[in-house]
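Report on the following structure.
Since every read-out is calculated from the coordinates, none of them should be taken as a lab result. Just so it is clear, the structure is predicted and the values come from calculations on it, not from any experiment.
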Amino acid sequence: MEERLQKYLASSGIASRRKAEEYILDGKIKVNGIVITELGTKVNPEQDKIEFEGKEVKKQERKVYVLLNKPIDYVTTVKDQFNRNTVIELVKSVGDVKLLPVGRLDMYTSGALILTNDGDFIYHVTHPKHEIEKTYTVTLRGKIQNEEVEKLRKGVTINEEEEEYITKPAKVRILKIDEEKNISRLEITIHEGKNRQVRKMCEAVGRKVIALHRSKIGNITVKDLKIGQWRYLNTKEVEMLMK
Ligand code: URA
């Protein structure tokens, strides 16, 4: 059956659909020996030989979805140019499948991170229009004020790719204020994924982030996983995220 080249590449697990489109535009994909740079090109994987950087791209049948409770000090990438620890090392025991992270967590952020070999899933879940909620526990220096919480709720101006961006309304609640330790803990739920968004939001109200943990993606929580542990997502969870 014919399908669009970028969709096939994503379903084969080499990359997300967006990344696959980049590979096509960059001339990295060959179909039957010919470099294809046209995004809409249709292929028939039963008959056509599709190659990425000289290697044949075979269909990957078993789709795997893993939820990791990421520790700090691990980078959300497949291979790190500075040889730092990567999240992929933590899910090695899944076996012989090429997992890719769904979105990213900063090196110093812990918590819920999904990894999969399903490029369509990555495309869907990371697309801003699907507005999947992500919930974070943030530990801040000092005693948070109600006005600051209100500002975080309404939206604050952050810097995003050299431009000013006003964050969308967020759910924010105070979990704890420890005057002795001089820290406050908030739960912040957002449905956007701008780079370092939660840290930048807190900085925008003048607070320094001491620790950041993603507790939930949608309603999928990592509270039953020890830090560094992973589990498979069940079908219901996958379906819920694909809605
Ligand atoms: N916001 C951040 O600042 N960092 C993350 O890792 C995720 C959300």
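At-a-glance table
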{"read-out": "Integer Hz, Karplus 6.51/-1.76/1.60 couplings in order for region 127-135, x for Gly and Pro", "value": "6, x, 5, 7, 6, 6, 6, 10, 10"}
{"read-out": "Binned Cα-Cα distances of region 186-243, short to long, each 10 Å bin given as a whole percent", "value": "17, 42, 32, 9, 0"}
{"read-out": "Cα radius of gyration and Dmax for region 133-217 (Å)", "value": "12.0, 38"}
{"read-out": "Centroid-to-centroid separation of region 105-171 and region 21-75 [C-alpha atoms, Å]", "value": "29"}
{"read-out": "Potential extension, LEU225-LYS208 segment - 0.36 nm per residue separation minus Cα distance", "value": "3.4 nm"}
{"read-out": "Global form of region 3-56, assessed from the alpha-carbon gyration tensor, a/c cut-off 1.5", "value": "rounded"}
{"read-out": "Antiparallel content of DSSP bridges confined to region 18-130, in %, to 5", "value": "95"}
{"read-out": "Computed P(r) (all Cα pairs; the chain; 5 Å bins; percent)", "value": "1, 6, 12, 15, 16, 15, 12, 9, 6, 3, 2, 1, 0, 0"}
{"read-out": "Net lengthening on full extension, MET107/ARG141 (0.36 nm per residue, minus Cα-Cα)", "value": "10.3 nm"}
